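These notes concern the structure reproduced below.
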Amino acid sequence: MSAPEPIFCTRVVASPAALDALATDAVALRLAPDDLLLVGAVDVRPDDPDAIVCRDDGWALRRMTAAEASALVADHGDWSVPPAGIAQGALAGLPVKLLIDPAGDALLLVPRPYLADAVERLP
Amino acid sequence: MSFRITCPVCGARSSTEFRYGGEVPENWREVWRRDNPEGPCRERWYHEFGCRRWLTLVRDTRTDEILSYE
Amino acid sequence: MADEGIDAFWRLACAGAEIDPATPYDAWSFAPPPLVDLVLHGGKRATSGLAAECHDDVAGGYSVLLDAAGGPVCVIRTTSVEVASYRDVPPDFGWLEGEGDRSLRYWRLVHEPFLRERCLANGLEFADDTLVSYQRFELVWPAAPAPTLTADGREIAFASGDSVAVALVRSGLHPGHGGTLCLAGDCPNCLCVIDDVAYSRACLTPAVAGMRIERQGAGGTAVVPAVAADRAVGSRHLHCDVAVIGRGATGRAAGDEARAAGRSVIELDQLNGEEVAGVYQGPRLLVRTPSGLLHVHAVEVIVATGASEEQPVCPGSDLAGLYTAAAAEVLDGAGLLPAGTIRLGAGVRPVRFEGDGAVTGVVTLDASGVEVRQPCVGVVLDLGSHPRDSLARQGAGLPVRAVGSCAEISALPPAPAAGVVCACTGTTVDDLASVWERGFQTMELFKRATLAGTGTCQGAACLPHLRAYLAARGGDEQPAFTARPLTRQMTMMEAAAGTWHPPTRRTALHETHRALGARMERFGGWWRPWTYGDTLGEYEAVRAGVSIGDVSTLGKMLVSGPDAVGFLERIYPCPVGDLEPGRVRYALLLDERGYVFDDGVIIRDDERRFFLTFTTGGASGAEAWLRDWAEAFGCDVRLLDRTAALGAINVTGPRAAALLRRCGLDTPPAFLRTADAVVCGVPCRVLRIGFTGEPSFELHHDAGRSAELWEALMAAGAADDIRPHGLEALLALRLEKGHIIVGMDTDFDSTPRRLGMEWAVRMDKGHDFLGRDALERIDRIPLDRRLVGLEVDGDAPVEGAPLLDGGAVRGNVTSAWRSPVLGRAVLLAFADLVDGAVPPTFEVDGRTARVVDLPFLDPEGVRVRA
Ligand SMILES: [Zn+2]
């Protein structure tokens, strides 16, 4: 598998209701009820006057299959990957995000400061 | 040994993914008061390796069994 | 044959094995086909099937065995075909089939489901008397070479499929010097150092060519070899509803039942190389496997580990040549039970064994109680069995339950009269008596006083005898002692499997620093450039010209929301509400006890939106800190950690502003001001601060553009001899200005007053804040020590050096540096107050240190505001 690549994302922090109502075609990871990570530059305007919307260069991304993601987590994590959707947790001691799509593709996101560790620890 | 904590956002994870926030004080002016009970203890845990949010739970300090979540 | 490939293979075999190529042959594969590997490498020499499907099979026929893809693998010749009922399976058949641990038990375990399936396909009903075709064969081509391993330095041959224990017996060696062999993983009598792993159970370890074995035996200590850590051990985690330990009939039934109820099941058996070493909270099972450690997280654990045969306790029980009934079955199947081996009847307990090293006679009592001696070369015992329940007992209080014979209560044996009770620790019946006399009369005390049960087998062999002894001495019948992990030996590599040291983060400029020759050091959880090789030159560049430094590691947070102001007022000891957009305010962070744990700056973006910075070391805790208090205070705020997303480059020095003007920043902000601007084409938030004592501009920008901005600044500053500075120079620069580094110049109990930073706290700001109550109380107590500046002639003393006053220790140095500008060493130090004042001098490093006002350099701040 390939090494993760630094990417830029769009980060949206807003009230849960505003995020629920947000419609976007972008690849989206709901990190928490009030926290949304969108892959790429996305123009979104959540219905929340205090929303924080900003470019987020803090991530590196690796594409893989859902099966590869499951194997990776079995080998380097102590949790299991859901059939679809987002998963967050420690993988080889690194805080990672996974997005599994039901078609069988998966994205692994690693905080950019840990990119080199991810390359070393997640072959 | 670690034990499992079920994060309401992320699901069941090892306690090693969490930062321990200590007992929940009765009020924030008395945060230095720690009862350190032997048995059920209401406490805060921060899911550092996942959603980075706090949760409150009741843990039996003798067995590390999580008795309830809030 | 139709298949030309198979026919060509057959002709090759005929040439090699001198067979007439015209001889008819058959071609087929096993179910499942990979079993053919056991024929080549595992000593498999028999197969069986439903008699109704094997009418044509005759002795003497040749077969080409095929693999899963239908490719030819080897040629065999059937040597015998017998038909008998399932119940009458020949005793050596488990061994000959070569599967699992080659026991009959395992043979039944895998063949019963197979035969049931074949019956179903033929419209038959499977029963004990179903006719089975038992066929033996020999491998004709290619011939398998006899593999060898090294035992106690001697090369010995073994048969494919042997366990290490069987391989040793085959060469005439007791696997562990002596003691009754169980060959079932229960006793400590076959312990060996196998390929540098001490305390390995030889009976559970398949023999592999080239292995190095040293016999260890019960109670034998092994010099644990120092092994280069080149065998990385993996660690896997599996999750299920039900984990079943033991794949005997009871375990399989429990698994089937759970599956039928729609629950996910994981089955584990040591016969498949899965040794469950411990049961932990969760419940979680720690399992040793040949491919590494396996953690099984289950909702429920079912322990179906069955029962283990009782070990004899009597004089001579440590001799070689003693076997449990099950061990005798395995050895007999392999043809390794020597003639002259006596089988004692069920329940017949020997009085003693005789012999020197190996058994030569066994003494039993006849019906009238008279001793009878029988000469022999081996003894097979049949003493009954006891639940193999240590894993179930480890799970006490957890959803772990035992089923089958593992859960049954067995009758205790008669109290042992003489001999070794616990072979692992060498505890004898005399030892038990001695301990009893001294008043240790319960099971747990027995264990602690004698160590019986604390060895490798964890009581599997001795526990029934200890209980019997206590019961016979008049104690209540005692429950088994507490079982705890681990029940299997664990190597250091296994113990370390799946653990990771905390990673050290890298900024987006990491490779840039390395390309510039920086020496990288870990600091506050990040890799940072310590020096680019000329710290004094880097220092000079800041003081006299212009320099850049990577400060991407600073913690950075965005806070917004209707309660943002009220929230931050409660977080910080300085006012927040009066902060105007465009201004930068330095702030301490206090905990509830009024102690300083971090510092940084506050910037206001608009009415209810703020940008905060924290120290490198404090960044990882800042987000948790803010979220916790936002919830505790019930404040409606949005929080976003920007630490990884934003890079930051500090442009500093007397010529910094001029450089930035050339880079597109027409009006660099004044001291403690901030502005958004485009620098070298990169959008930046510019913070004018003064940590170095010179004009400093922190350029916060999207981390993905850090390298681009850095290169552009270096290029634009070339005419000014711009050079980057590392952390070592930065620590010196700020020290001359008397700026503290939290964590270096603070202790866990540093109040603002002790740091001489009361100016950063506004008790009268009109808002309650964290630490305020504590500070009020602390302020009523006289100050006892404070951070001071000291000067010493000569070189800088070591950081941490004590401050002496008349021979008494009065404090310690927190930072030190020989200032090139001032020509002497400058120090920050904690100093005790004497009679309410700091003495004017201390002795540090044998020299006189003078207390001076801070900062050491530019007290009016002329340079930093320039
Ligand atoms: Zn979480």
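Structure notes:
- Filter pass, C:GLU538 being open to solvent by less than 10 Å² (accessible area, probe 1.4 Å), of a type in the set (Asp, Glu) and more than 14 Å from chain A (Cβ to nearest Cβ): yes
- Subset of segment A:57-88 (residues that are away from chain C (no Cβ under 14 Å), outside any helix (DSSP H, G or I) and among the small types (Gly, Ala, Ser)): A:ALA84, A:GLY85
- If the condition is being within 14 Å of chain A (Cβ to nearest Cβ) and either touching a Leu at 6+ places or on another chain (Cβ under 8 Å) or at pLDDT below 95 (or both), then segment C:485-522 contributes C:ALA496, C:ALA497, C:GLY498, C:THR499, C:TRP500, C:HIS501, C:PRO502, C:PRO503, C:ARG506.
- Within segment A:77-120, the residues that satisfy the criterion of being of a type outside the set (A, V, I, L, M), in contact with a Pro (Cβ under 8 Å, 6 or more places away or on another chain) and farther than 18 Å from B:ARG52 by Cβ are A:PRO83, A:PRO102, A:ASP117.
- Scanning segment C:123-174 for residues that are in a loop (DSSP other than H, G, I, E, B) and touching a Cys at 6+ places or on another chain (Cβ under 7 Å) yields C:GLU125, C:PHE126, C:THR130, C:PRO142.
- Pairs with Cβ under 7 Å, 6+ apart, first in segment C:789-808 and touching a residue at least 24 places away in the same chain (Cβ under 8 Å), second outside any strand (DSSP E or B): C:GLY789/C:GLY738; C:GLY789/C:ASP853; C:GLY789/C:LEU854; C:GLY789/C:PHE856; C:PRO797/C:ASP845; C:ALA801/C:ASP845; C:ASP805/C:PRO839
- Pair list, Cβ under 8 Å, 6 or more apart: segment C:362-375 residue assigned by TED's automatic domain parsing to the domain that holds C:PRO350, other residue exposed (fewer than 10 other Cβ atoms within 10 Å of the Cβ) and not in a loop (DSSP other than H, G, I, E, B): none
- Residue count for segment C:630-655 under the criterion of being over 12 Å from C:LEU558 (Cα atoms) and either buried (at least 20 other Cβ atoms within 10 Å of the Cβ) or without any contact (Cβ under 8 Å) to a residue 12 or more places away in the chain (or both): the result is 14.
- Test: residue in segment C:451-458 that is more than 14 Å from chain A (Cβ to nearest Cβ), part of a helix (DSSP H, G or I) and either at pLDDT 90 or above or under 28 Å from the mean Cα position of the chain (by Cα) (or both): no
- Residue in segment C:341-371 that is farthest from C:PRO315 (Cα to Cα), counting only those that are in contact with a strand residue (DSSP E or B) (Cβ under 7 Å, 6 or more places away or on another chain) and surrounded by fewer than 12 Cβ atoms within 10 Å (Cβ to Cβ): C:ASP366
- Evaluation of C:ALA328 against the conditions (1) assigned to a loop (DSSP other than H, G, I, E, B); (2) under 24 Å from C:GLY404 (Cβ atoms) shows that the sole unmet condition is (1).
- Qualifying positions in segment A:33-46 - crowded, with 20+ Cβ neighbours inside 10 Å, in contact with a Lys or Arg (Cβ under 9 Å, 6 or more places away or on another chain) and more than 17 Å from A:LEU61 (Cβ to Cβ): A:ASP34, A:ASP35
- Residues satisfying the stated conditions in segment A:60-79, i.e. closer than 26 Å to C:PRO283 by Cα and within 16 Å of the chain's Cα centre (by Cα): A:ALA69, A:SER70, A:LEU72, A:VAL73
- Residues of segment B:21-35 that turn out to be more than 16 Å from the ligand (Cβ to nearest atom) and modelled with pLDDT of 90 or more, as a count: 2
- C:GLU257, sole failed condition from (1) out of contact with any helix residue (DSSP H, G or I) (no Cβ under 7 Å at 6 or more places or on another chain); (2) part of a loop (DSSP other than H, G, I, E, B); (3) of a type outside the set (Ser, Thr, Tyr): (2)
- Output for segment C:567-596, where each listed residue is within 14 Å of chain B (Cβ to nearest Cβ) and open to solvent by 20 Å² or more (accessible area, probe 1.4 Å): C:ARG570, C:GLU592, C:ARG593, C:TYR595
- Criterion applied to C:GLY347, C:GLY306, C:GLY262, C:GLY355 was being under 18 Å from C:ALA460 (Cα atoms) and either within 34 Å of the chain's Cα centre (by Cα) or not assigned by TED's automatic domain parsing to the domain that holds C:ASP195 (or both), and the one residue passing it is C:GLY306.
- Answer residue from segment B:53-70, given it is in a loop (DSSP other than H, G, I, E, B) and either open to solvent by less than 60 Å² (accessible area, probe 1.4 Å) or touching a Gly at 6+ places or on another chain (Cβ under 8 Å) (or both) and is nearest to the ligand (Cβ to nearest atom) among those: B:ARG53
- For segment A:15-54, the tally of residues that are in a loop (DSSP other than H, G, I, E, B) and away from chain B (no Cβ under 14 Å) stands at 20.
- Search result, residues across segment B:36-52 that are within 11 Å of chain A (Cβ to nearest Cβ) and surrounded by 20 or more Cβ atoms within 10 Å (Cβ to Cβ): B:HIS47, B:PHE49, B:GLY50, B:CYS51, B:ARG52
- Strands (runs of 3 or more DSSP E) contained in segment C:656-722 and holding at least 2 residues surrounded by fewer than 21 Cβ atoms within 10 Å (Cβ to Cβ): C:674-679, C:682-689
- Selection status of A:ALA90, of a type outside the set (D, E, K, R), free of Cβ contacts under 8 Å to residues at least 60 places away in the same chain, over 23 Å from C:ASP241 (Cα atoms) and crowded, with 20+ Cβ neighbours inside 10 Å: no
- Complete set of residues in segment C:632-655 that are more than 14 Å from chain A (Cβ to nearest Cβ) and touching a Gly at 6+ places or on another chain (Cβ under 9 Å): C:PHE633, C:ILE649, C:ASN650, C:VAL651, C:THR652, C:GLY653, C:PRO654, C:ARG655
The values are calculated or read from the model by the stated rules, or taken from the named source; none is laboratory data. On a predicted model such as this, the values are computed, not experimentally measured, just so you know. Backbone-built Cβ (ideal geometry, glycine too); neighbour counts: all protein chains shown. Accessible surface is based on the protein model in full, side chains and every heavy atom, while ligands, DNA and RNA are left aside. Shrake-Rupley method; radii C 1.70, N 1.55, O 1.52, S 1.80 Å.
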